[in-house]
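Read through the structure below, which is laid out as structure tokens, and then see the notes.
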Amino acid sequence: MKKPASYPSLQGKRVFITGGGSGIGEDLVAAFAAQGAQVAFVDILDDASTALCERVAKAGCPRPAFRHCDISDIAALQETMAQLAETLGDFDILVNNAASDERHLAEDVTPAFYDQCVAINQRPMFFTCQAVLPGMKRRGAGSIINLGSMSWHAMNRGYPVYCATKAAVAGLTRGLARDFGAHGIRVNTVTPGWVMTQRQVDLWIDDAARAGIKRAQCLPGALMPHDVSAMVLFLAADDSAMCTGQDFVVDGGWI
Ligand SMILES: NC(=O)c1ccc[n+]([C@@H]2O[C@H](COP(=O)([O-])OP(=O)(O)OC[C@H]3O[C@@H](n4cnc5c(N)ncnc54)[C@H](O)[C@@H]3O)[C@@H](O)[C@H]2O)c1
């Protein structure tokens, strides 16, 4: 990637990210820290998250604050966010990134599996938005970025409940934009296409998948986590000051 854009308005901003320990979230943590932002993130991967904090600090960026938290436990998530905000100050930016894309067949879905999918992909997104609201109101500004997915737009097979929960992201973004906008808080969705995280490469990327991507994308080449981070940074920065309630698609032109 060419030298990434620099956003002076992100310097010193307090950012909260869910699922920052690996994949796109890992890149988001490093990208915000590289802008001079103070990042706090939660994940269930302790070793990877701790190593990431070390790497970022060693690179001379503000050391991110990591807390172990399973976001399906809303009380624990609320408590963790409150403690972090108390230590670091009110959050300026929230990135709802964590999700689980476990594959499943409609025939096999039980009520418990369905609820678990909602509990990770959908429910925490609302409660993190609720948690940052008082602090953002105090500042009269804020930016919330919710990670959606191209999967349901593309009618992908193999994970219908995941698709349903990711479709709900668009509803949450648009359902909050007007109420939060009254306080200068922006809420947007970023919709990634198929992004080559290590997990995707290890689990799903083979010759057939590569051929499928080549057919589906207008642009050659693979989407990388930094392509998504670049859009998230823009939406977090003051440069996107009048953008809210929208869906920003980063999919290489998938059809
Ligand atoms: N990778 C893609 O191709 C792709 C495509 C479309 C949308 N997305 C979206 O982008 C976001 C990030 O995707 P990714 O591929 O990096 O995901 P991932 O599964 O690789 O990583 C998600 C992170 O969230 C963490 N996490 C999972 N469950 C958690 C829980 N209960 N509590 C706390 N942390 C938890 C994981 O440990 C991991 O670090 C997701 O919202 C996903 O739906 C990704």
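Listing for the model above:
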| item | result |
| --- | --- |
| V109, V15, V249 arranged by Cβ crowding within 10 Å, fewest neighbours leading | V109, V249, V15 |
| Full-extension gain in nm, D115 to H226, via 0.36 nm per residue minus C-alpha separation | 36.9 nm |
| Two-site FRET efficiency, I255 against D70, from Cβ-Cβ distance with R₀ of 35 Å, rounded to 0.05 | 0.45 |
| Which of W152, W204 has the fewest Cβ neighbours within 10 Å, and the rest in rising order | W204, W152 |
| Approximate spin-label separation Q198-A164, in nm, with each point projected 7 Å along Cα-to-Cβ | 3.3 |
| Proportion of all alpha-carbon pairs of region 22-105 beyond 17 Å (%) | 48 |
| Hull shadow area, averaged, region 57-190 [alpha-carbon convex hull, nm²] | 9.6 |
| Helix-only mean residue ellipticity at 222 nm for the chain, each DSSP H run of n ≥ 4 adding -39500 (n - 2.57), per residue, nearest 500 | -14500 deg cm²/dmol |
| Stokes-Einstein D (µm²/s) once Rh is taken as the Kirkwood radius of region 119-255 over alpha-carbon pairs, at 10 °C in 1.306 mPa s | 99 |
| Inter-label distance for R138 and D46, nm, one decimal - labels placed 7 Å from Cα along Cα-to-Cβ | 3.1 |
| Karplus 3J(HN,Hα) series, Hz, for region 25-35 with 6.51 cos²θ - 1.76 cosθ + 1.60 (x for Gly, Pro) | x, 4, 5, 4, 4, 5, 5, 5, 5, 5, 8 |
| Inter-site label distance for L219 and D206 at 7 Å from Cα along Cβ, in nm | 2.8 |
| Hull shadow area, averaged, the chain [alpha-carbon convex hull, nm²] | 13.4 |
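Any read-out appearing in this document is the output of simple, stated calculations on the displayed coordinates, not a laboratory observation. Everything numeric in this text was worked out from a predicted model, so none of it was measured. Heads up, the Cβs are rebuilt from the backbone with ideal geometry, glycines too, and the neighbour counts pull from every protein chain shown.
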